[in-house]
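I have placed the structure first, in the form of structure tokens, so that the comments after it can refer back to it.
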Amino acid sequence: MRSSVFVSLAGIGLVLGGCGTVKDAVRGPKLTDMSSHALAASMQASPAVIASSAKPAAPPAASTANSLWRPGARAFFIDQRASKPGDILTVLINIDDSAKLQNNTTSSRQNATKGEISHVLGLETALAKIMPKGFDPTNALDQAGSTSSTGAGSVDRQEQIQLTVAAVVTGVLPNGNLLIQGSQEVKTNNELRELSVSGIVRPEDISATNTINHTQIAEARIQYGGRGDLSRVQNTPYGQAVAESLSPF
């Protein structure tokens with residue numbers, strides 16, 4: 001009874017999951033709602049942002065005569081780099097990694113064993129009668145063997161990615177480091193390209209132009225992929241993937 005219920009639930013899950021796949025195949029992938037990304041995270045981390053956004057915008061203040069400063073301006077000499085939840089900074093992703101490994105292994109071994117029974121309390125002649133025909137006590141045991149193995153392996157990998165994405169500061173750690181999260185989606189015809197980045201950065205590593213390199217992000221999580229007509233053709237079908245994961249061969 002329990003097994004039938006489990007099978008039924010699994011079938012329902014596959015059908016529901018397949019509905020989304022079929023819908024994407026017919027209508028194309030849908031852009032993700034922006035509220036589910038870093039904007040929502042930054043607003044949850046800073047309740048003051050929510051409170052300030054609910055207030056009506058104040059009218060611009062009038063300019064003061066003979067003054068170089070415009071009232072209401074955000075900053076004049078203040079650092080414009082990201083420093084608090086809700087601020088935006090630009091992440092420069094420039095990955096150019098390559099690895100080349102080559103290993104060769106060769107081993108061989110030979111062994112031989114030979115035993116002789118010359119005298120066994122005068123019973124060597126009796127053994128010749130008991131043992132099969134051709135038994136020779138002077139060559140009672142003779143064993144030889146050899147083993148050899150040869151192995152070779154090589155790895156040649158090269159990755160190159162150059163991307164730029166804007167990230168939002170979602171929180172500030174007790175030591176002052178910033179939590180950032182950013183995503184970007186670009187849809188062309190029925191192919192959707194997705195880029196997401198998250199991690200921890202030091203305020204000191206943010207440049208004067210409010211940018212930071214991906215190599216300066218701790219616990220960096222960078223994901224670049226896509227979904228759509230081309231990605232669906234290149235991916236392994238669900239049935240084949242399940243069969244290969246369950247097959248012991």
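Look at segment 90-110: where a residue is more than 30 Å from Thr164 (Cβ to Cβ) and among the basic types (Lys, Arg) and a partner is assigned to a strand (DSSP E or B) and at pLDDT below 90, sitting 6+ places away or on another chain with Cβ atoms under 7 Å, you get Arg109/Ser146; Arg109/Thr147. Considering only residues in segment 212-249 that are farther than 28 Å from Asn189 by Cα and of a type in the set (Asp, Glu), the one that is modelled with the highest pLDDT turns out to be Glu219.
When Asp79, Asp96, Asp142, Asp87 are checked against the criterion of being modelled with pLDDT under 85, out of contact with any helix residue (DSSP H, G or I) (no Cβ under 6 Å at 6 or more places or on another chain) and within 28 Å of Ile180 (Cα to Cα), Asp79 stands alone in meeting it. Within segment 184-235, the set of residues being β-branched (Val, Ile, Thr), loosely packed, with under 15 Cβ neighbours inside 10 Å and not in a strand (DSSP E or B) comprises Thr209, Thr215, Val233.
The values are calculated or read from the model by the stated rules, or taken from the named source; none is laboratory data. Since this is a predicted model, take the numbers as computed values, not measurements. Don't worry about glycine lacking a Cβ; one is built from the backbone with ideal geometry, like all the others, and counts go over all protein chains shown.
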